[in-house]
Amino acid sequence: MKRGSCLCGRVHYETEAEFGPATACHCSQCRKITGSYSVAAPVPQNSLVLSGEPRWLVSSPGTRRGFCPECGSYLFWEEGDGLTWVSLGTVDGPTGTRLENHIFCAYKGDYHDLTDTVPHYREGWSSEEIE
Ligand SMILES: [Zn+2]
Ligand SMILES: [Zn+2]
């Protein structure tokens with residue numbers, strides 16, 4: 001069982017599923033909502049048990065982001081395909097997954113470099129890779 005929570009503890013979640021491979025997203029929406037970039041991994045939406053209701057923000061058509069209405073922790077991202085992407089910084093304990101790629105690197109902040117060895121995609125998954 002994997003468990004996680006927001007900073008203030010109002011929103012908790014648990015899932016019996018294993019996290020899929022993690023992605024770092026540097027798009028402008030993820031930059032704004034996290035303060036830098038998001039690192040998240042997917043689980044089946046129907047495996048996720050919530051306690052404490054997140055606030056959901058429709059951030060683009062068909063896409064919503066869940067965060068704690070009290071402390072603002074950014075917890076979830078969904079785009080209606082049956083998966084919930086969980087912000088890995090909110091997991092309590094081991095995640096059991098690894099970061100496998102960065103996406104929307106064309107929009108990353110100029111204050112850091114991407115020095116790991118996983119693929120760095122210019123736009124979405126399977127777009128052109130950049131160094
Ligand atoms: Zn909270
Ligand atoms: Zn993003």
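Nothing in this text is a laboratory measurement; each read-out follows from the coordinates by a stated rule. Treat the numbers as computed from the prediction; the structure is a model and nothing was measured. Positions of Cβ are generated from backbone atoms using ideal geometry, with glycine treated the same way; all protein chains shown enter the neighbour counts.
Side notes on the structure shown:
- Around the Cα centre of the chain, unit charges on the Cβ atoms of Lys, Arg, Asp and Glu (plus for the first two, minus for the last two) sum to a dipole of about 460 debye.
- In a DSSP loop and with at most 12 other Cβ atoms within 10 Å, the chymotrypsin sites (Phe, Trp or Tyr not before Pro) in the stretch 20-114 are Tyr111.
- Normalising the average separation of contacting C-alpha pairs (under 8 angstrom, six or more residues apart) by the number of residues puts the relative contact order of the chain at 27 percent.
- If you plug the beta carbon distance of Glu100 and Arg64 into 1/(1 + (r/R0)^6) with R0 = 30 Å, you get a FRET efficiency near 0.80.
- Label zone at Glu129 (point 7 Å along Cα-to-Cβ), backbone N below 14 Å, the stretch 96-118: 100-103, 115-118
- Averaging 1/r across all pairs of distinct Cα atoms in the chain and inverting the result yields a Kirkwood radius of 15.1 Å.
- Taking 0.36 nm per residue of separation and subtracting the Cα-Cα distance, full extension of the segment from Leu114 to Glu16 would add 32.1 nm.
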